[in-house]
Ligand SMILES: [Zn+2]
């Protein structure tokens, strides 16, 4: 299969842009230059008036939580989890997980996300099924709550998920182990997870230092800060994707650096739950990979990565009182190339020959994109995800001219709404 994207404006890996052609051969970008008019293609996309960027990478989410979007808002994190979210999640069936993930997939594709790192469960095989059917890339983990009565069963489910799906869907699915957080996983349980990580040679996806309460409780219970306790378990030796990292001291930043931990910054969720602001500029100065995530849709309340990119570009400016703190180009890089690195995708995140063809075409024919001096700047500060026109993953078109090709949008919306109604009796 050979596809030509004719004359779009292309975002280059160095942040510059130019008009050129892109040729996709099977799953890869085979050419980023003007093409020979004599070549024959199976499919041609008219790219004129379109801006092509690498697909957005959602480095931290809980896909099936879309079912609880707007169910409980404007609450403190622990009260929100204990009183609203966890009791409903405990009732979720296999069907709920499937349609929640399908709803997330529709929303992600329509807003230009091509890969996501998910932590949820039970029934993560249903999320894997949606990754397979939708054509997205998914890095999946079973959320592990060490204080739960069935903590060992949850770990066994994560191990099964790894055995059954790591490398599945033509390599579009990979699996990590998902110890939820220090406040739900005591040190002896972290050690159990570490033993499985060693056995499977598997990476870790964990929430770290999201709130001040979490850090203070950890110091009270264990005498040290969360990164020190988790480092002691050996978990960080396996390659780690750490979500949030809002409240860090210097010794923890040192641990992040030493263990090459990749940070998933979730500005929307951190703002909404008043968790705080991740010290992104400091982490970037230390050469730490900072990616972006939406977190679950019920703490955001959507899975729109362009909103996170815009928030990342804006909140650090006011936090540092420095308009150069995070530039538009850096924010895009966090949402694309850094995201790919953070979730362990090696040949994704840049538009160049040999990389996987995971691309988003944005329609620039609208008021928000006029005039166009700098499309990267327009993307971050002026446009929004309604400009997402065509989405390609692994060389396959998942949406063209706003029309989904792999999922039945109407059916997904209806089924997901039914599941949410039944779960909440509302
Ligand atoms: Zn989360």
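The values are calculated or read from the model by the stated rules, or taken from the named source; none is laboratory data. Quick caveat, the model's predicted, so the values are computed rather than measured. We place every Cβ from the backbone using ideal geometry, glycine too, and count neighbours over all the protein chains shown.
Can you pull out the residues in the range 234-247 that are more than 16 Å from the ligand (Cβ to nearest atom) and buried (at least 21 other Cβ atoms within 10 Å of the Cβ)?
Residues satisfying the conditions are 235, 236.
Does any residue of the range 188-202 turn out to be within 27 Å of residue 303 (Cβ to Cβ), within 16 Å of the ligand (Cβ to nearest atom) and modelled with pLDDT of 95 or more?
Among the residues of the range 188-202, not one is within 27 Å of residue 303 (Cβ to Cβ), within 16 Å of the ligand (Cβ to nearest atom) and modelled with pLDDT of 95 or more, which makes the answer no.
Evaluate the following for residue 182: is it in the same structural domain as residue 262 (by TED's automatic domain parsing) and surrounded by 24 or more Cβ atoms within 10 Å (Cβ to Cβ)? Step through it out loud before you land on a result.
Details: in the same structural domain as residue 262 (by TED's automatic domain parsing): yes; surrounded by 24 or more Cβ atoms within 10 Å (Cβ to Cβ): yes.
Considered against the rule, which asks whether it is in the same structural domain as residue 262 (by TED's automatic domain parsing) and surrounded by 24 or more Cβ atoms within 10 Å (Cβ to Cβ), residue 182 comes out as yes.
Tell me the residue from 347, 408, 358 that is modelled with pLDDT of 95 or more and surrounded by 15 or more Cβ atoms within 10 Å (Cβ to Cβ), please.
When all the criteria are applied, what remains is 358.
Give the range 262-289 a look and list any residue that's outside any helix (DSSP H, G or I), in contact with a strand residue (DSSP E or B) (Cβ under 8 Å, 6 or more places away or on another chain) and within 16 Å of the ligand (Cβ to nearest atom), or say none.
Residues satisfying the conditions are 262, 263, 264, 265, 266, 275, 278.
Taking the range 203-225 as the region of interest, how many residues are more than 17 Å from residue 78 (Cα to Cα), more than 15 Å from the ligand (Cβ to nearest atom) and surrounded by 15 or more Cβ atoms within 10 Å (Cβ to Cβ)?
So the answer is 3.
Would you confirm whether or not the range 29-52 contains a residue that is in a loop (DSSP other than H, G, I, E, B) and under 21 Å from the mean Cα position of the chain (by Cα)? Even if it seems obvious, please write down each step before you answer.
Initial filter on the range 29-52 (in a loop (DSSP other than H, G, I, E, B)): 33-42, 47-49.
Subsequent filtering for residues that are under 21 Å from the mean Cα position of the chain (by Cα) retains none.
Checking the range 29-52: not a single residue is in a loop (DSSP other than H, G, I, E, B) and under 21 Å from the mean Cα position of the chain (by Cα).
If you go through the range 290-322 one residue at a time, how many are modelled with pLDDT of 95 or more, part of a loop (DSSP other than H, G, I, E, B) and under 23 Å from residue 248 (Cα atoms)?
Of the residues in the range 290-322, 6 are modelled with pLDDT of 95 or more, part of a loop (DSSP other than H, G, I, E, B) and under 23 Å from residue 248 (Cα atoms).
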